[in-house]
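J.: One structure is given below, represented as structure tokens, and several questions about it will come after.
Derivation of every value follows stated rules applied to the coordinates shown; laboratory data play no part. What you see is a predicted model; the values in this text were computed from it and never measured. Here the Cβ is made from the backbone with ideal geometry for all residues, glycine too, and neighbour counts use every protein chain on show.
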Amino acid sequence: MQITEIIEQARREGRTRFAFELLPPLKGDGTAGVFSAIDPLMEFGPAYINVTYHREDVKYVERGNGLLEKRIVRRRPGTVGISAAIMKRYGVEAVPHLICGGLSRYDIEDALIDLDFLGVNNVLALRGDNLRGEHSFAPHPQGHAHACDLVAQIADMNAGIFVDGEVQPCHHSRFCIGVAGYPEKHAESPNPESDMLYLKRKVDAGASYIVTQMSFDNARIFDFIRRCREAGITVPVIPGIKPLSTKAHLTVLPQVFHVDLPQELVAEASGCPDNAAVREVGVRWAVRQVRELREAGIPVVHFYTMGKTDNVVKIIREAL
Ligand code: FAD
């Protein structure tokens, strides 16, 4: 089933459903960790499950003579496989993320062909971030510089057009494509208007829905949806929620994800004696957010779980 159909169905039924974003296992780990994160979520009938994509990383290895050797490693491969495994085990749609970073158009095409053969018909198309240590995003020489070009490649494949313009009229994938949107602006954008222009370009290239970067402030999410509509973007916007769970998040989340944390939340979390208390503050904050999003008729809320779901279970139980 396509994600847009799931969203539409929830909207028709006047329900708010939940989607959960998980990470593929670390290299060498099996599927057990991912499954044990998903198991407790099944009581909520997940709308679908997103699986992140992790580009290559840089690792420095001691050579023993005072020299360091730079190695390129992949710590969390397996997005395609674990997505198919989730669908098989739970009968829930999986949405693998696909990125431009580190991949050629040919690599991307291979991944899409595998997904199509596995019956995975949904993808979230992203640019990805810089390789660690790089100052700015450098596309693969045979790859894409922006997510809109990745969206166009997937949409082309849906029309039977493969890389290099090869046309294969016999084969038609039917990927439903989601993209990222930033209520608080993407960090590299000079201004919100420019960011919105490029978001529209992704939709015009073939994206059918938008998932937002995490935001702790519903007012910003609602304002973003309003600005999307003003810009002529009519596709569904799925708000992204991340429960605050450690004191370190107070500095790490703004640094890594370029989002603001409301002062009321910062004050409450800063006053906590330990991380267990911060986790409770994060649960209460997210419950308020989810309730308000439900009241506003949002059909699907996306949870950034980062592989930990006990707090998400609490949030949904309390919010419903
Ligand atoms: P783009 O849409 O390409 O935008 C990047 C920047 O370029 C923006 O500032 C935009 O305004 C600008 N821009 C866009 N198009 C153009 C153009 N044609 N010309 C000039 N400027 C342009 N990262 C991962 O590595 N793996 C993941 O699994 C992952 N999952 C994510 C899930 C969600 C829901 C979100 C919100 C983010 C996720 N990310 C992930 C992070 C994402 O890859 C980064 O935020 C990245 O920096 C931007 O990705 P994008 O797809 O928004 O890029």
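J.: Kirkwood-based Rg over Rh for the chain (C-alpha set), two decimals?
T.: Details: Rg = 19.7 Å, Rh = 20.6 Å.
Result for the chain is an Rg/Rh of 0.96.
J.: 222 nm [θ] for the chain, helices only, -39500 (n - 2.57) per DSSP H run of 4+, per residue, to 500? Display every interim value, and only then the final one.
T.: Details: 11 runs with 130 residues, N = 320.
The helix contribution divided over the chain gives -12500 deg cm²/dmol.
J.: Indicate the gyration tensor shape class of the range 123-163 (rounded, prolate or oblate), computed on the Cα atoms with a ≥ b ≥ c the square roots of the eigenvalues: a/c under 1.5 is rounded; otherwise a/b larger than b/c is prolate and the rest oblate. Walk me through the numbers on the way to the answer.
T.: Details: a/c = 3.78, a/b = 2.28, b/c = 1.66.
Judged from the Cα gyration tensor, the range 123-163 comes out prolate (a/c at least 1.5, a/b above b/c).
J.: Given an 8 Å cut-off on Cα distances and at least 6 residues of separation, report the relative contact order of the range 3-319 as a percent. Walk me through the numbers before you get to the answer.
T.: Values: 566 pairs, mean separation 60.3, N = 317.
This gives 19 percent for the range 3-319.
J.: How about K70: which lysines have a C-alpha closer than 23 Å to its C-alpha, ignoring those fewer than 8 places off in the same chain?
T.: Output for K70: K27, K59.
J.: Write down the percent of antiparallel bridges among all DSSP beta bridges whose residues are both part of the chain, to the nearest 5.
T.: Values: 7 of 35 bridges.
Bridges in the chain are about 20 percent antiparallel.
J.: Related question: How high is the FRET efficiency from L68 to F137, r the C-beta distance, R0 22 Å, rounded to 0.05? Working shown, then result.
T.: Values: r = 25 Å, r/R0 = 1.12.
Efficiency for this residue pair is about 0.35.
J.: Counting other C-beta atoms within 10 Å, and keeping those with at most 16, which DSSP coil GluC sites (Glu not before Pro) do you find in the range 40-103?
T.: Hits after loop and neighbour filter: E56.
J.: For the range 183-281, what class follows from the C-alpha gyration tensor (a ≥ b ≥ c being the square roots of its eigenvalues): rounded when a/c is under 1.5, otherwise prolate if a/b is larger than b/c, else oblate? Show your work: numbers first, answer last.
T.: Working: a/c = 2.76, a/b = 2.40, b/c = 1.15.
Prolate is the answer for the range 183-281, as a/c is 1.5 or above and a/b outweighs b/c.
J.: Which FRET efficiency value, to the nearest 0.05, do you get for D260 and V313 by plugging their Cβ-Cβ distance into 1/(1 + (r/R0)^6) with R0 = 30 Å?
T.: Values: r = 27 Å, r/R0 = 0.89.
The calculated FRET efficiency here is 0.65.
J.: Helix by helix, which DSSP H runs in the chain go 27 Å or more along their axis at the Cα atoms and have an average Kyte-Doolittle hydropathy of -1.0 or more?
T.: Numbers: long enough: 275-295 (30 Å, -0.53).
The answer, listed by residue number, is 275-295.
J.: Here's another thing I want to ask about it. With a cut-off of 8 Å between alpha carbons and a minimum separation of six or more residues, what is the relative contact order of the range 213-312 in percent?
T.: Working: 104 pairs, mean separation 38.4, N = 100.
This gives 38 percent for the range 213-312.
J.: Which order, highest average first, do 222-229, 124-131 follow once you tally other Cβ atoms within 10 Å for each residue and take the mean per peptide?
T.: 124-131, 222-229
J.: Counting other Cβ atoms within 10 Å, keep those with at most 10, restrict to DSSP loop, and tell me which GluC sites (Glu not before Pro) in the range 166-274 are left. Working shown, then result.
T.: Numbers: sites: E166, E184, E188, E193, E230, E264, E268; in loops: E166, E184, E188.
Here the GluC sites (Glu not before Pro) that fit, given the DSSP loop and packing criteria, are E166.
J.: I've got another one for you. Dipole magnitude of the range 3-319 about its Cα centre, charges +1 at Lys/Arg Cβ and -1 at Asp/Glu Cβ only, in debye to the nearest 20?
T.: Values: 37 positive and 40 negative charges, 104 e Å.
It works out to roughly 500 debye.
J.: Identify all lysines with a Cα-Cα distance to K247 below 17 Å; exclude those on the same chain that are fewer than 8 residues away in sequence.
T.: K308
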